[in-house]
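The structure appears below as structure tokens.
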């Protein structure tokens with residue numbers, strides 16, 4: 001499993017964030033000057049499965065690209081963090097399409113296989129290198 005780079009503006013959040021947590025993560029990423037964990041997204045609809053705080057930071061930093069892992073619900077289990085609440089992929093799709101968001105800590109995605117790590121300088125994500133014609137499929141990720 002690998003990650004690719006996409007514009008954070010293309011990603012659709014499905015859950016609210018804790019702003020204190022986003023502030024702390026923002027400071028941590030700036031201090032390190034590096035991005036170390038990709039955001040997991042649903043591969044066709046481009047909504048965020050895991051990484052809402054990272055997406056918030058990417059948008060605050062006005063990054064041109066962020067590392068993402070493209071997945072689908074055939075390989076991801078979903079449940080609710082909230083006792084007695086049932087969350088299904090269909091409910092997540094419906095919420096994403098409605099433009100509304102679940103409250104913070106509603107959805108919990110469980111990834112059968114471990115997720116890849118990354119270690120990218122923030123400057124690379126602010127100003128990605130131009131994509132050559134030889135890597136045209138990768139160029140699609142930057143649109």
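The values are calculated or read from the model by the stated rules, or taken from the named source; none is laboratory data. Quick caveat, the model's predicted, so the values are computed rather than measured. Neighbour counts are summed over all protein chains in view; Cβ atoms, including those assigned to glycine, are modelled from backbone coordinates with ideal geometry.
Summary of computed values
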{"quantity": "Residue ID - surrounded by the most Cβ atoms within 10 Å (Cβ to Cβ), chosen from residues in region 88-118 that are over 19 Å from residue 55 (Cβ atoms) and in contact with a strand residue (DSSP E or B) (Cβ under 8 Å, 6 or more places away or on another chain)", "calculated": "89"}
{"quantity": "Members of region 114-140 that are outside any strand (DSSP E or B) and either at pLDDT 85 or above or under 17 Å from the mean Cα position of the chain (by Cα) (or both)", "calculated": "114, 115, 116, 117, 118, 119, 122, 123, 124, 125, 126, 127"}
{"quantity": "Among residues of region 33-50, those that are surrounded by fewer than 20 Cβ atoms within 10 Å (Cβ to Cβ) and out of contact with any helix residue (DSSP H, G or I) (no Cβ under 9 Å at 6 or more places or on another chain), counted", "calculated": "2"}
{"quantity": "Filter pass, residue 30 being under 22 Å from residue 128 (Cβ atoms), in contact with a helix residue (DSSP H, G or I) (Cβ under 9 Å, 6 or more places away or on another chain), free of Cβ contacts under 8 Å to residues at least 60 places away in the same chain and surrounded by fewer than 16 Cβ atoms within 10 Å (Cβ to Cβ)", "calculated": "no"}
{"quantity": "Residue that is modelled with the lowest pLDDT [pool: residues in region 36-50 that are in a loop (DSSP other than H, G, I, E, B) and within 17 Å of residue 100 (Cα to Cα)]", "calculated": "45"}
{"quantity": "Enumeration of residues in region 1-27 that are part of a helix (DSSP H, G or I), out of contact with any strand residue (DSSP E or B) (no Cβ under 6 Å at 6 or more places or on another chain) and buried (at least 16 other Cβ atoms within 10 Å of the Cβ)", "calculated": "22, 25, 26"}
{"quantity": "Residues satisfying the stated conditions in region 51-70, i.e. surrounded by 20 or more Cβ atoms within 10 Å (Cβ to Cβ), outside any loop (DSSP other than H, G, I, E, B) and in contact with a strand residue (DSSP E or B) (Cβ under 8 Å, 6 or more places away or on another chain)", "calculated": "52, 54, 55, 58, 66, 67, 68, 69"}
